[in-house]
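K.L.:
Below is the structure I would like to discuss, written out as structure tokens.
The values are calculated or read from the model by the stated rules, or taken from the named source; none is laboratory data. Just so we're clear, the structure is a prediction, and the values are computed from it rather than from any experiment. Because the Cβ atoms are built from the backbone with ideal geometry, glycine has one as well, and the counts that use them run over all protein chains shown. Note: accessible area is taken over every heavy atom of the protein model, side chains too, but ligands, DNA and RNA are not part of it. Shrake-Rupley method; radii C 1.70, N 1.55, O 1.52, S 1.80 Å.
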Amino acid sequence: MNAPRKGITRQQAMQRVLQGMADDRRGYIELLALLEEQFQATLRHQTGHLQVLAEQVVAAVDLLDGRRRQRVSLVTALLGPKAAMAQLFASLPDDTRAEASAQWDELEQMVLKCKRLNTRNSQLLTEQYTTMQRVLHGEEHTYAPG
């Protein structure tokens with residue numbers, strides 16, 4: 001195995017990866033709640049609240065992305081540029097390996113759920129915008145010669 005980043009031991013790097021996963025779990029729970037709140041605010045046309053939620057979503061995603069980048073950096077330092085989390089987990093003691101792998105699977109499912117909710121919210125916002133444009137400006141073909 002490669003040496004971790006300068007200044008930290010292999011054990012510290014592993015601990016940071018595992019702690020980052022735990023932090024991400026809490027972060028994704030928060031993001032899921034924000035995305036659901038965003039959906040409800042969209043349904044209720046609460047534009048002021050949507051702006052606040054958008055800022056909170058961006059901040060939550062930025063934190064998650066920062067931890068992801070740190071994790072990639074640490075795993076790359078530990079195992080090389082083509083490393084995968086499964087390789088990292090394989091290097092852990094049996095009791096820790098199973099738990100870490102299960103947490104990783106849970107995180108992957110949370111990521112997929114966030115993506116689905118984000119797509120749902122985006123589609124709803126787009127539909128509302130399109131409907132509002134039709135109400136305000138009419139259909140393009142409404143008065144077109146036949």
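K.L.:
Within segment 76-96, identify whether any single residue is farther than 17 Å from S122 by Cβ, surrounded by 11 or more Cβ atoms within 10 Å (Cβ to Cβ), under 15 Å from the mean Cα position of the chain (by Cα) and polar (S, T, N, Q), and answer yes or no.
P.N.:
No, every residue in segment 76-96 fails to be farther than 17 Å from S122 by Cβ, surrounded by 11 or more Cβ atoms within 10 Å (Cβ to Cβ), under 15 Å from the mean Cα position of the chain (by Cα) and polar (S, T, N, Q).
K.L.:
Would you check if E99 is among the acidic types (D, E), part of a helix (DSSP H, G or I), without any contact (Cβ under 8 Å) to a residue 60 or more places away in the chain and closer than 25 Å to V17 by Cβ? Lay out the reasoning, then the answer.
P.N.:
Values: among the acidic types (D, E): yes; part of a helix (DSSP H, G or I): yes; without any contact (Cβ under 8 Å) to a residue 60 or more places away in the chain: yes; closer than 25 Å to V17 by Cβ: yes.
So E99 passes the test.
K.L.:
Inside segment 1-96, counting only helices (runs of 4 or more DSSP H) that do not spill past its ends, which hold 2 or more residues that are free of Cβ contacts under 8 Å to residues at least 24 places away in the same chain and of a type in the set (S, T, N, Q)?
P.N.:
Values: elements: 10-43, 47-79, 85-90.
In segment 1-96, the matching helices (runs of 4 or more DSSP H) lie at 10-43, 47-79.
K.L.:
Please give the number of the condition R10 fails out of (1) basic (K, R); (2) modelled with pLDDT of 95 or more; (3) surrounded by 13 or more Cβ atoms within 10 Å (Cβ to Cβ).
P.N.:
Every condition holds for R10 apart from (2).
K.L.:
Of all the residues that make up segment 29-53, how many are open to solvent by 70 Å² or more (accessible area, probe 1.4 Å), of a type in the set (A, V, I, L, M) and under 19 Å from the mean Cα position of the chain (by Cα)?
P.N.:
1
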